[in-house]
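Down below is the structure, laid out as structure tokens.
Derivation of every value follows stated rules applied to the coordinates shown; laboratory data play no part. Quick caveat, the model's predicted, so the values are computed rather than measured. Note that each Cβ is placed from the backbone with ideal geometry, even for glycine, and that neighbours are counted across all protein chains shown.
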Amino acid sequence: MSVEVNITEQSIDVAVTEQQINVNVNTSVVDIESTTQVVEVQANTGLVINTDVVNLVTLVRNQTGATIPAFRVVYISGATGNKPTVSLASAAGEISSSKTFGITATSISNNSTGYVVTIGELQNVNTSAYNEGDLLWLSPTAGLVQTTQPAEPNHAVFIGYVIRSHPNQGVVEVRISNGYELDELHGVFCPNPNDGDVLQYVASTGLWTKTSSINFGTW
């Protein structure tokens, strides 16, 4: 590996030739996979700028009691030792879907740490079951993805796109987007709904509010 460092009053340029390097800035981790990368660290700010970065990853801990394989969708279930703990996400429940965080980049043994891709390219995984361009959704089966949006009462969480279909060099572009339930929308107030309730706009509050009856006014 060769490293070239150029220091000026405004910045520090670090050029590294290697298959993979990890650049740690305080508690953030920027994962760079390439043959040659140039990382610019802005003076006094600690800000890393690199137009060639392909993903953002976070170091997490597995305390589920079992190994979490690579290419599994996880959510943050707690924290320990200044690191988030993760568990397998599932579209079957609110807690396991609404906090969906990312996809494991590698297998993470129980009581061990590993990396989760939160946005950008997840590389070198088995995507042979999918076609390039497939949309991936969180599955009701814990940790897995599927190509169709799950039907209610499951929760719709978009995971990303299949960029390359391959048994061991597959690529997924991670772009997690969690769907919203009715009572999570701005401008809606509907606590503890009952059978037959409907929404009615209340001008005095500016909210769509749950009601058991509707006033249609005078006709």
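When each of Glu132, Glu152, Glu94, Glu173 is scored by the number of other beta-carbon atoms lying within 10 Å, the sequence from fewest to most is Glu152, Glu94, Glu132, Glu173. Think of the stretch 57-178 as a dipole: +1 on every Lys or Arg Cβ, -1 on every Asp or Glu Cβ, centred on the Cα centre; then among Val172, Asn154, Thr67, Thr67 lies furthest on the positive end.
Amide hydrogen proximity for Ala91: with H placed 1.01 Å from N in the peptide plane, the residues at 5 or more positions away or on another chain lying under 5 Å are Ser139, Thr141. Scalar couplings 3J(HN,Hα) for the stretch 111-121, obtained by applying the Karplus form with A = 6.51, B = -1.76, C = 1.60 to θ = phi - 60°, are 6, 10, 9, x, 9, 10, 7, 9, 7, x, 7 Hz; x denotes Gly and Pro. Counting beta carbons within 10 Å around each of Asp195, Asp134 and listing the fewest first gives the order Asp195, Asp134.
Under a Cβ-Cβ cut-off of 12 Å, what is the net charge of the residues other than Leu138 that fall near it, where Lys and Arg count +1 and Asp and Glu count -1? List each step's numbers first, then the result.
Numbers: positive: Arg72, Lys99; negative: none.
Local charge sum for Leu138: +2.
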